[in-house]
Amino acid sequence: MGSDIKKFVNPKFLNSIDVVLMRDLFARHFKDEGLPVAFDGDVAEIRKRITDYFATPITEWSEGLIADLHRVAELGTGEGMQLILNEARRQRVVLYSEPDDEEADSAPVKHEPKHVALHAYLHHHRIFEAAADFQALRAPTAMAEFRGPQRDVGADLTEEASAAFKAAIVKLFAQDLQGDYCRLGPYEEDGEINLVVSHGAPVTTTPIVAGDREQIITLRAVKYAALRYSSNEGLLRIGGVPRAQQAEVAGIFAEHILGRPGFFAGKDARDLYTLDPITAFGPDFAFQHAFDERILEVRIVAAAADFFAEDEDGEWRYVRSWESKDASGAALRHFKASEVRFGRGWRLGEITFRVFFKSDAKQPAKVTVRLKPPGTLAFRRTRFEKAIHALVARNGLEKDRDADLVVEAAE
């Protein structure tokens, strides 16, 4: 982790960063004892002093300063800058209110992603935190999904409910030695409630070079858990949470935000997807996508079949797997020439498919999706997220919850 910061705080950054921003950054952590760098005099000399400070072993840096630099580095990218700009636009905030002589330059250095991130972190912190939240919402590729037994169950994000949820989450994460820091970022988008939980990660130790010897420093980074709830579906998605804690987080959300303890604890809460239609059709199965004119093609690029055999006690036990990969989209068809015969012994375990969408660029936009029943639908969240879910549902790979509820009611 220390080496990552060394890469971020590099000579190029130090020789171009606004020294006033660096002064403000240092001032956050050296209020009483005075700044370790003098910010008066010639700019070139100030840069040299800053460079000298960061040339010292990282063990001599301010711990708070290290934490701040990690936060800035996360959004100091082209994608991170766009998130900051989008959030500033949403909040109707002008990041740079007063134009200066540098504005005449067609490529002012203050518009470089690292500089924008540091400026937002110091002077528009609410925008920075919201951008970090949206980055966390986009990051998880495999979100655990929990389906409640009812649709149209509203969420309560009042101050009282949020405080109770936060207290319960802190208690849960503290059990895994993740500290007691916690911040909630609630957002509403397209009828969904998005809740980002910023919390401490487990402490890590990192070896660094200090002069002619090696030293160990300890750090606690900030982690993000992302929760997305669709009230009209009664569906909760959780990302950034260890598998062992996902059910507990879902339970806490149900109790405090929905006011429905046990809402996601039913036996079918994680039983969301199926590959039965593909198994029934056979290796020639192809996705039907004509309903969405944006989809150009769907290729099944990987598939895995599992063989189960009946033992002496009449139990079916896993024996082996047969995997097929083909970027051209023929992965499933390769089963024809294999030992795999779907039926009593062979079962289709998972597939990976690639969806090609029309785009304004020369090449189509691609989204790669991994589907593994009963509850895994993994892909990078993009503007095509709803299209992916519609594709899965329209091809019969999403279990019909209403049919399940009718069966449960009959039982």
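Here are the numbers:
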{"read-out": "Per-region count, segment 263-283, residues farther than 27 Å from Leu236 by Cα and open to solvent by 80 Å² or more (accessible area, probe 1.4 Å)", "value": "2"}
{"read-out": "Failed item in (1) in a loop (DSSP other than H, G, I, E, B); (2) touching a residue at least 40 places away in the same chain (Cβ under 8 Å); (3) touching a Leu at 6+ places or on another chain (Cβ under 9 Å), with Ala286 passing the rest", "value": "(2)"}
{"read-out": "Check on Phe253, closer than 30 Å to Ser328 by Cα, touching a residue at least 60 places away in the same chain (Cβ under 8 Å) and among the aromatic types (Phe, Trp, Tyr)", "value": "no"}
{"read-out": "Counted residues, segment 35-81 - those being open to solvent by less than 30 Å² (accessible area, probe 1.4 Å), in a loop (DSSP other than H, G, I, E, B) and small (Gly, Ala, Ser)", "value": "2"}
{"read-out": "Positions within segment 324-335 being of a type in the set (Gly, Ala, Ser), open to solvent by less than 70 Å² (accessible area, probe 1.4 Å) and at negative phi, in sequence order", "value": "Ser324, Ala327, Ala330, Ala331"}
{"read-out": "Single residue of segment 22-34 satisfying the filter (of a type in the set (A, V, I, L, M) and buried (at least 16 other Cβ atoms within 10 Å of the Cβ)) that is farthest from Lys110 (Cα to Cα)", "value": "Leu25"}
{"read-out": "Cross-chain or 6+ apart pairs with Cβ under 6 Å, segment 35-50 first and at pLDDT below 85, then part of a loop (DSSP other than H, G, I, E, B) and surrounded by 14 or more Cβ atoms within 10 Å (Cβ to Cβ)", "value": "Ile50/Val37"}
{"read-out": "Which listed residue, of Ile217, Ile193, is farther than 22 Å from Glu129 by Cα, at pLDDT below 85 and surrounded by 15 or more Cβ atoms within 10 Å (Cβ to Cβ)", "value": "Ile217"}
{"read-out": "Residue within segment 285-300 that is exposed (fewer than 13 other Cβ atoms within 10 Å of the Cβ) and either farther than 26 Å from Gly375 by Cβ or in contact with a His (Cβ under 6 Å, 6 or more places away or on another chain) (or both) present", "value": "yes"}
{"read-out": "Only one of Ser338, Ser321 that is more than 30 Å from Ala269 (Cα to Cα) and surrounded by fewer than 18 Cβ atoms within 10 Å (Cβ to Cβ)", "value": "Ser338"}
{"read-out": "Considering residues of segment 350-363 that are at pLDDT below 90 and not hydrophobic (A, V, I, L, M, F, W, C) only, the residue least open to solvent (accessible area, probe 1.4 Å)", "value": "Ser359"}
{"read-out": "For Thr376: the one exception among (1) closer than 19 Å to Ala144 by Cβ; (2) at pLDDT 85 or above", "value": "(2)"}
{"read-out": "Tabulated pairs, segment 269-281, first farther than 11 Å from Ala144 by Cα, second among the acidic types (Asp, Glu) and open to solvent by 10 Å² or more (accessible area, probe 1.4 Å), C-beta under 7 angstrom, 6+ apart or interchain", "value": "Tyr273/Glu398"}
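The values are calculated or read from the model by the stated rules, or taken from the named source; none is laboratory data. Nothing here was measured: the structure is a model prediction, and the numbers come from that model. Cβ: placed from backbone, ideal geometry, glycine included. Neighbour counts: every protein chain shown. The accessibility values were calculated without ligands, DNA or RNA, using every heavy atom of the protein model including side chains. Shrake-Rupley method; radii C 1.70, N 1.55, O 1.52, S 1.80 Å.
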